[in-house]
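Input: a single structure, listed below in structure tokens.
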Amino acid sequence: MSGDVSESLRPGMAKEPSLIVITGPTASGKTRRAVDLAKAIGGEIISADSRQIYRGMDLGTGKDIEEYGDIPFHLIDICPAGYKYNLYEFLRDYESVRREIIARGKRPILCGGTGLYVESVLKGLRLPEVPENTVLRLSLEGKSLDELTEILSSMKSLHNMTDVDTSKRAIRAIEIQTYYNEHPDAAVNAEPHPLTDAVVIGVDVDRETRRRRITERLHARLDSGMVDEVRRLLDSGIQAADLIYYGLEYKFLTLFITGALGYEEMVSGLEIAIHQFAKRQMTWFRGMEKRGFPIHWLPYDLSASDFVDRVMSLI
């Protein structure tokens, strides 16, 4: 599945890579692989999951904290549920944690399936903090997602379609692009500076196995109390709209709890949505390879020692 390997990222480099990435679609077993590698090389894990940063959102995001054992992990449980964490904050927090890990003499391992986060790190993207533009937001209120998408596409090329997943995200993307247009110095500083010595490992799981694992995991989490987890979040005062914003489990379970969906309808719809999400993840990863970030795909069912040996042969 790997694309053409650019010279700057070719394995067999003379020095150790500055970063190792473990990525792949949901339910591929990324965390366990990152832990196996961290044990072998003295690593610490930085999460690249856009929802695991929220406290109290555990089963729905698949944190599986017990898998880490005594391996240090970062950027998990750092924000309250209901908060709208963004790419700027992730890149800021990632860089801070990466420096701390290196200062301790350990090796950073970025692990997660949020393609936007992973690729932004590999690009060396630097984003200025963009303040809210109240006047602009008011002018965009009431516009459809299609209208917002058209506005954004007139301002820039839409390589990242997650910008227009929802109206809220589209408005924020327009706000950011407007800021760049009005502050060209900030846009210049945001130009990427790609890493030239990162090694990206993808956990490769065939489609049928992936679908089976997604279905099994969903039902296991429902049996473990995922509905109660979302109900507790709602009871704590978090608005239903804020949980729906996070998508997938939190969207469908909130709709069930608030009476908009029946239980079987919720489970069926959620399962389909997770399968579609995994497909979108794989589309993103293929796009990364085309954009010059080769991914070395390793089978999901390798033994721990074989997986580590294969990674070590690449770094």
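Applying the criterion of being open to solvent by less than 30 Å² (accessible area, probe 1.4 Å), in contact (Cβ under 8 Å) with a residue 40 or more places away in the chain and in a helix (DSSP H, G or I) to the residues of the range 68-119, the residue that is nearest to residue 54 (Cα to Cα) is 90.
Taken together, 312, 282 contain a single residue that is in contact (Cβ under 8 Å) with a residue 24 or more places away in the chain, among the hydrophobic types (A, V, I, L, M, F, W, C), open to solvent by 40 Å² or more (accessible area, probe 1.4 Å) and at negative phi, which is 312.
Go through the range 192-215 and report how many residues are in contact (Cβ under 8 Å) with a residue 60 or more places away in the chain and open to solvent by less than 80 Å² (accessible area, probe 1.4 Å). Give the steps one after another, and end with the answer.
Within the range 192-215, the subset in contact (Cβ under 8 Å) with a residue 60 or more places away in the chain is 192-205, 209-211, 213-214.
Remaining after also requiring open to solvent by less than 80 Å² (accessible area, probe 1.4 Å): 192, 194-195, 197-205, 209-210, 213-214.
Looking only at that region, the number is 16.
If the condition is being under 15 Å from residue 113 (Cα atoms) and either in contact with a Ser or Thr (Cβ under 7 Å, 6 or more places away or on another chain) or not aromatic (Phe, Trp, Tyr) (or both), then the range 252-284 contributes 274, 275, 276, 277, 278, 279, 280, 281, 282, 283. State whether one or more residues within the range 108-115 are of a type in the set (S, T, N, Q), closer than 24 Å to residue 244 by Cα and within 17 Å of the chain's Cα centre (by Cα). Yes: the range 108-115 contains one or more residues that are of a type in the set (S, T, N, Q), closer than 24 Å to residue 244 by Cα and within 17 Å of the chain's Cα centre (by Cα). The set of residues in the range 135-161 that are modelled with pLDDT of 90 or more, under 24 Å from residue 280 (Cα atoms) and not in a helix (DSSP H, G or I) contains only 144. Considering the conditions (1) modelled with pLDDT of 95 or more; (2) within 30 Å of residue 252 (Cα to Cα); (3) surrounded by 19 or more Cβ atoms within 10 Å (Cβ to Cβ), residue 56 is excluded by exactly one of them, (3).
Does residue 302 satisfy the condition of being closer than 21 Å to residue 33 by Cα, modelled with pLDDT under 95 and open to solvent by 20 Å² or more (accessible area, probe 1.4 Å)? So that I can check it myself, show each step before the final result.
Working: closer than 21 Å to residue 33 by Cα: yes; modelled with pLDDT under 95: no; open to solvent by 20 Å² or more (accessible area, probe 1.4 Å): yes.
It is false that residue 302 is closer than 21 Å to residue 33 by Cα, modelled with pLDDT under 95 and open to solvent by 20 Å² or more (accessible area, probe 1.4 Å).
Checked against the criterion of being open to solvent by 10 Å² or more (accessible area, probe 1.4 Å), closer than 27 Å to residue 82 by Cβ and out of contact with any helix residue (DSSP H, G or I) (no Cβ under 7 Å at 6 or more places or on another chain), the candidates 244, 272, 257 yield just one match: 272. Here residue 231 fulfils each of the conditions (1) closer than 22 Å to residue 22 by Cβ; (2) surrounded by fewer than 17 Cβ atoms within 10 Å (Cβ to Cβ) apart from (1). In the range 35-50, is there at least one residue being over 15 Å from the mean Cα position of the chain (by Cα), under 22 Å from residue 281 (Cα atoms), touching a residue at least 12 places away in the same chain (Cβ under 8 Å) and open to solvent by 10 Å² or more (accessible area, probe 1.4 Å)? Taking every residue of the range 35-50 in turn, none turns out to be over 15 Å from the mean Cα position of the chain (by Cα), under 22 Å from residue 281 (Cα atoms), touching a residue at least 12 places away in the same chain (Cβ under 8 Å) and open to solvent by 10 Å² or more (accessible area, probe 1.4 Å).
Within this structure, residue 263 passes the test of being surrounded by fewer than 15 Cβ atoms within 10 Å (Cβ to Cβ) and of a type in the set (Phe, Trp, Tyr).
The values are calculated or read from the model by the stated rules, or taken from the named source; none is laboratory data. These numbers come from a predicted model, not from an experiment. So basically every Cβ, Gly included, is an ideal-geometry build from the backbone, and we count neighbours across all protein chains shown. Surface accessibility is based on the protein's heavy atoms, side chains included, excluding ligands, DNA and RNA. Shrake-Rupley method; radii C 1.70, N 1.55, O 1.52, S 1.80 Å.
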